[in-house]
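Worksheet: the structure to be examined is printed underneath.
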Amino acid sequence: MYYHIRNEKNTEVRNAMSDELFSVKMKELRESTGLNRKEFCEKFEIPYRTMTEWELGHRNAPTYVLRLLSYYVEMQRKLNDNGISEK
């Protein structure tokens, strides 16, 4: 999921997710909710244009955004599976 970016001296610069992988994972997450892009954006208060850019791979959010959204979606699934609905 992550790869190490190295500079011209072959030293590690930072740990990041590739743009392509981020866009695929973001789209998979949205689709797993059963929401279309507009509904997902409204639910999570993400600008529609931003989400579109993420899914098309034109822009990336920090990887923690994907982790937080994934965590929220997973917790909601578990709550729903146990008969607890979102308020």
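Out of the residues in the range 58-71 meeting the condition of being within 11 Å of the chain's Cα centre (by Cα) and either outside any helix (DSSP H, G or I) or among the hydrophobic types (A, V, I, L, M, F, W, C) (or both), tell me which one is surrounded by the fewest Cβ atoms within 10 Å (Cβ to Cβ). This residue is Pro62.
Taking the condition among the polar types (S, T, N, Q), in contact (Cβ under 8 Å) with a residue 40 or more places away in the chain and closer than 17 Å to Asp19 by Cβ, does Thr63 pass? Here the answer is yes, as Thr63 does meet what is asked. Quick one: in the range 16-52, of everything that is aliphatic (A, V, I, L, M), more than 22 Å from Gln76 (Cα to Cα) and not in a helix (DSSP H, G or I), which residue is nearest to the chain's Cα centre (by Cα)? Here the answer is Met17. Only one entry of Glu74, Glu55 meets the criterion of being over 11 Å from the mean Cα position of the chain (by Cα) and part of a helix (DSSP H, G or I), and that entry is Glu74.
Each row is one residue, and each column tells you yes or no for (1) touching a Leu at 6+ places or on another chain (Cβ under 7 Å); (2) modelled with pLDDT of 85 or more; (3) not hydroxyl-bearing (Ser, Thr, Tyr).
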{"residue": "Asn15", "(1), (2), (3)": "no, no, yes"}
{"residue": "Ser18", "(1), (2), (3)": "no, no, no"}
{"residue": "Gly34", "(1), (2), (3)": "no, yes, yes"}
{"residue": "Glu53", "(1), (2), (3)": "no, yes, yes"}
{"residue": "Val73", "(1), (2), (3)": "yes, yes, yes"}
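The values are calculated or read from the model by the stated rules, or taken from the named source; none is laboratory data. Remember, it's a predicted structure, so these values are computed and weren't measured experimentally. We place every Cβ from the backbone using ideal geometry, glycine too, and count neighbours over all the protein chains shown.
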